[in-house]
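First the structure, in the form of structure tokens, and then the observations on it.
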Amino acid sequence: MKNRTKERLLFTALGIPTVICLIAFFWIVYILSMGIGTLNWKILTTSVLQGGMFEMIVGTMYLLLGAAGISGPIGVLAAVYLVEYAPSGKLTRIIDQAINNLAGVPSIVIGLFGYTFFCTQLGLGISLAAGWLTLALMMLPIVIRGSEEAIKMVPVSFKEAALALGTTKWKAISSTTLPAAAPGVVTSVILGIARVAGETAAILFTSCVLITRGLPKSPLDPVMTLSYNIFVKIVALGAPPEDVFGTALVLFLIVASLALSAIILRTHYRRKQPWLR
Amino acid sequence: MKREKMKTISSYFVRLKSQPIEIVLFICASFSIVLLFLMLIFVAKEGAFAFSTIGTDLLFGQTWDIKSHKYGGFPMLYGSFMVTSGSLLISIPLGVCTAIFIAEVLPFSLKDPVKSIIELLASIPSVIYGFIGVIFLAPMISSFFGLPNGEIALTASLILALMTIPTIVGISAEIIGSVPKDYKEAALALGATKWQTIRDVVLPLSKSGILASIMLGFGRAIGETVAVLMVAGNVAKVPTPPWNYLASVYTIPGVIAMQMGEAPFGSLEQGALFGLGLILFIITFIVNTLADVIVKKAPVKGGA
């Protein structure tokens with residue numbers, strides 16, 4: 001009996017850090033929610049030049065959609081290769097290692113690389129396109145890992161049934177495995193978007209400016225984003241933090257809703273598809 | 001016999017027909033290697049110029065002053081390690097305890113919600129963490145310690161700890177959760193209490209995975225830019241005494257982010273910043289590779 005109470009106490013003690021983490025999260029949400037007073041529909045839809053944040057919101061969307069458009073297809077195909085085709089050899093191990101390493105590269109280094117390679121070497125300059133490529137680079141490992149997991153979860157019998165009907169391997173995969181894995185793949189792309197939605201360091205010197213005239217008209221124009229605005233106003237201009245309360249809240253809402261929808265999608269499809277755990 | 005031959009030939013054609021796709025897939029998969037290589041080459045190329053001009057001063061020089069062209073990176077290197085170790089001192093105990101609690105103690109129905117919240121914590125952008133630090137934590141700390149300025153190494157460490165906890169919890173909880181049930185049941189059947197099972201069976205099996213998660217957390221912390229930059233105060237000087245967490249510090253990613261924009265293209269200043277970036281790249285590369293090796297050699301592996 002004494003042992004039991006001791007154990008109870010111990011487990012409660014273990015729970016305290018967990019509670020601290022949860023409190024930290026809700027505390028962050030609470031602080032941000034205090035910025036709600038500075039927001040209204042008009043600020044969201046008026047131009048940055050008139051003190052709104054319209055171009056920053058749309059600019060962030062432009063960046064994210066472009067980056068997802070690049071890293072999504074490449075990531076999914078890479079995942080198909082790794083799960084279905086890759087022979088178990090040295091090269092496959094190196095690829096696997098490279099993906100993990102890419103995921104661990106600090107965003108500022110990715111930014112430096114984007115600056116020398118995309119902006120200077122490829123001549124894209126400080127532009128939307130350079131931002132797409134830089135952010136795609138950051139998303140790629142997340143999309144590959146998520147898609148791999150989704151593809152692995154589809155029973156081999158699906159593919160085998162198609163193969164037994166005489167199709168080619170690719171046809172079998174693309175017509176049975178991939179559709180079944182689609183929800184998981186989409187989730188991984190959304191998760192990737194959520195991860196880079198508030199990214200600042202990587203786009204700092206590759207695609208952002210504080211103020212420009214309107215939205216980018218071509219992929220070679222620079223773009224205004226929410227994260228960059230918060231960063232520059234506080235760090236470079238030394239503005240009081242209250243000035244960017246609304247911007248921070250909008251950015252948080254975008255990121256949180258993306259991440260939350262990815263989590264919900266994942267749980268939903270895990271339940272719905274009986275072959276998944 | 002003839003039929004057999006036909007079959008091999010036709011299967012060969014089928015394979016050939018499907019091969020273009022295989023090549024495309026392979027190219028997509030090898031993008032990661034190519035990009036990593038390009039990254040090393042391009043960052044090293046720019047950084048090498050600084051190393052050849054400045055030499056080891058870029059690593060060990062004490063003063064960083066653009067006006068007098070002094071590029072000594074030691075204060076930043078020190079600041080980075082100071083802030084990172086400070087954050088790990090907080091996040092390792094908190095993170096590992098949380099991981100054990102989630103994987104072993106929490107009832108099944110609560111596991112997913114708690115994990116999801118930790119995952120949300122991981123997806124909050126660093127600029128928002130920085131904002132929280134500036135608007136709330138820094139004023140709080142400055143009034144608590146009676147300092148004129150709350151933007152110090154301690155604030156940066158606290159914010160960074162919050163950011164590294166999800167990395168440590170996510171990977172550790174997965175590894176701890178994947179310890180085979182048989183092992184635990186065997187221990188319980190021998191009369192061990194739940195805590196004894198965790199201490200003597202679960203933790204020894206998952207300790208290398210936990211170590212790897214800590215290393216990945218280190219990698220994330222040392223490369224963190226914006227959040228740290230916003231709350232660390234950015235003074236390019238080793239604090240006196242060196243363990244003074246109430247002093248402002250500058251970090252490697254911080255100085256790159258702050259000064260890259262103003263550095264003229266192709267200048268020594270830009271080279272020096274790339275040189276620091278190269279150092280950061282190499283540090284994180286080594287740490288991440290080691291973490292990977294440890295995970296691969298671990299007795300239990302996570303599901304992912």
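Sort out which residues of segment A:245-262 are free of Cβ contacts under 8 Å to residues at least 40 places away in the same chain and of a type outside the set (Gly, Ala, Ser), and write them in order of number.
Residues satisfying the conditions are A:253, A:260.
Considering B:112, B:65, which residue is charged (D, E, K, R), surrounded by fewer than 18 Cβ atoms within 10 Å (Cβ to Cβ) and either in contact with a Leu (Cβ under 8 Å, 6 or more places away or on another chain) or under 30 Å from residue A:263 (Cβ atoms) (or both)?
Details: B:65 fails: either in contact with a Leu (Cβ under 8 Å, 6 or more places away or on another chain) or under 30 Å from residue A:263 (Cβ atoms) (or both).
Checking each option against the conditions leaves just B:112.
Looking at segment B:252-268, which of the residues that are under 13 Å from residue A:232 (Cα atoms) and aliphatic (A, V, I, L, M) is surrounded by the fewest Cβ atoms within 10 Å (Cβ to Cβ)?
Among them, the one singled out is B:258.
Please indicate, with yes or no, whether at least one residue in segment A:88-108 is within 9 Å of chain B (Cβ to nearest Cβ), over 30 Å from residue B:21 (Cβ atoms), in contact (Cβ under 8 Å) with a residue 24 or more places away in the chain and of a type in the set (S, T, N, Q).
yes
Tell me yes or no: at least one residue of segment B:75-93 is free of Cβ contacts under 8 Å to residues at least 12 places away in the same chain and within 14 Å of another protein chain (Cβ to nearest Cβ).
Yes, segment B:75-93 contains a residue that is free of Cβ contacts under 8 Å to residues at least 12 places away in the same chain and within 14 Å of another protein chain (Cβ to nearest Cβ).
Criterion first (modelled with pLDDT under 90 and within 28 Å of residue B:96 (Cβ to Cβ)) does residue A:12 satisfy it? Working first, answer last.
Details: modelled with pLDDT under 90: yes; within 28 Å of residue B:96 (Cβ to Cβ): yes.
Yes; evaluated as a whole, the condition is true for this residue.
Pick out the one residue from A:7, A:55 that is free of Cβ contacts under 8 Å to residues at least 24 places away in the same chain and more than 18 Å from residue B:166 (Cβ to Cβ).
Values: A:55 fails: free of Cβ contacts under 8 Å to residues at least 24 places away in the same chain.
That would be A:7, the only listed residue that is free of Cβ contacts under 8 Å to residues at least 24 places away in the same chain and more than 18 Å from residue B:166 (Cβ to Cβ).
Kindly indicate whether residue B:142 is within 25 Å of residue A:34 (Cα to Cα), touching a Pro at 6+ places or on another chain (Cβ under 8 Å) and more than 12 Å from chain A (Cβ to nearest Cβ). Spell out how you get there, then give the answer.
On the way: within 25 Å of residue A:34 (Cα to Cα): yes; touching a Pro at 6+ places or on another chain (Cβ under 8 Å): yes; more than 12 Å from chain A (Cβ to nearest Cβ): yes.
It is true that residue B:142 is within 25 Å of residue A:34 (Cα to Cα), touching a Pro at 6+ places or on another chain (Cβ under 8 Å) and more than 12 Å from chain A (Cβ to nearest Cβ).
Would you be able to tell me the number of residues in segment A:214-273 that are more than 11 Å from chain B (Cβ to nearest Cβ), farther than 21 Å from residue A:132 by Cα and assigned to a loop (DSSP other than H, G, I, E, B)?
Total meeting the criteria: 2.
Please work out which one of (1) modelled with pLDDT of 90 or more; (2) surrounded by 15 or more Cβ atoms within 10 Å (Cβ to Cβ) is the condition residue B:26 fails and give its number.
That leaves (1) as the condition not met.
Report whether or not residue A:28 is surrounded by 13 or more Cβ atoms within 10 Å (Cβ to Cβ), free of Cβ contacts under 8 Å to residues at least 40 places away in the same chain and under 27 Å from residue A:135 (Cα atoms).
On the way: surrounded by 13 or more Cβ atoms within 10 Å (Cβ to Cβ): yes; free of Cβ contacts under 8 Å to residues at least 40 places away in the same chain: yes; under 27 Å from residue A:135 (Cα atoms): yes.
Answer is yes for this residue.
For segment A:100-153, name all the residues that are closer than 14 Å to residue A:205 by Cβ, hydrophobic (A, V, I, L, M, F, W, C) and outside any helix (DSSP H, G or I).
Selection gives A:124, A:126.
Can you tell me which residue in segment B:115-134 is farthest from residue A:255 (Cα to Cα), limited to those that are out of contact with any Ser or Thr (no Cβ under 8 Å at 6 or more places or on another chain) and more than 7 Å from every other protein chain (Cβ to nearest Cβ)?
It comes out as B:115.
Filter segment A:137-157 down to residues that are at the interface with chain B (Cβ under 10 Å from one of its Cβ atoms) and crowded, with 24+ Cβ neighbours inside 10 Å and give me whichever is farthest from residue B:164 (Cα to Cα).
So, considering only residues that are at the interface with chain B (Cβ under 10 Å from one of its Cβ atoms) and crowded, with 24+ Cβ neighbours inside 10 Å, the one farthest from residue B:164 (Cα to Cα) is A:148.
For segment B:180-249, list the helices (runs of 4 or more DSSP H) that sit wholly inside it and hold at least 2 residues that are hydroxyl-bearing (Ser, Thr, Tyr); which are they? First the steps, then the outcome.
Numbers: elements: B:181-189, B:194-197, B:203-223, B:226-231.
Answer list for segment B:180-249: B:203-223.
More than 10 Å from chain A (Cβ to nearest Cβ) and either under 27 Å from residue B:43 (Cα atoms) or surrounded by 21 or more Cβ atoms within 10 Å (Cβ to Cβ) (or both), is that true of residue B:249?
Details: more than 10 Å from chain A (Cβ to nearest Cβ): yes; either under 27 Å from residue B:43 (Cα atoms) or surrounded by 21 or more Cβ atoms within 10 Å (Cβ to Cβ) (or both): yes.
Judged against the criteria, residue B:249 is a match.
Please verify whether residue A:116 is surrounded by fewer than 24 Cβ atoms within 10 Å (Cβ to Cβ), more than 21 Å from the chain's Cα centre (by Cα) and modelled with pLDDT of 90 or more, treating the condition exactly as stated. First the steps, then the outcome.
Numbers: surrounded by fewer than 24 Cβ atoms within 10 Å (Cβ to Cβ): yes; more than 21 Å from the chain's Cα centre (by Cα): yes; modelled with pLDDT of 90 or more: yes.
Considered against the rule, which asks whether it is surrounded by fewer than 24 Cβ atoms within 10 Å (Cβ to Cβ), more than 21 Å from the chain's Cα centre (by Cα) and modelled with pLDDT of 90 or more, residue A:116 comes out as yes.
Please determine, by comparing only the residues of segment A:172-184 that are hydrophobic (A, V, I, L, M, F, W, C) and either in contact with a His (Cβ under 9 Å, 6 or more places away or on another chain) or surrounded by 24 or more Cβ atoms within 10 Å (Cβ to Cβ) (or both), which one is nearest to the other protein chains (Cβ to nearest Cβ).
Initial filter on segment A:172-184 (hydrophobic (A, V, I, L, M, F, W, C)): A:172-173, A:178, A:180-182.
Checking which are either in contact with a His (Cβ under 9 Å, 6 or more places away or on another chain) or surrounded by 24 or more Cβ atoms within 10 Å (Cβ to Cβ) (or both) leaves us with A:173, A:181.
On the way: A:173: 9, A:181: 15 Å.
Filtering segment A:172-184 for residues that are hydrophobic (A, V, I, L, M, F, W, C) and either in contact with a His (Cβ under 9 Å, 6 or more places away or on another chain) or surrounded by 24 or more Cβ atoms within 10 Å (Cβ to Cβ) (or both), the one nearest to the other protein chains (Cβ to nearest Cβ) comes out as A:173.
The values are calculated or read from the model by the stated rules, or taken from the named source; none is laboratory data. Values in this document were obtained by computation on a predicted structure and should not be read as measured data. So basically every Cβ, Gly included, is an ideal-geometry build from the backbone, and we count neighbours across all protein chains shown.
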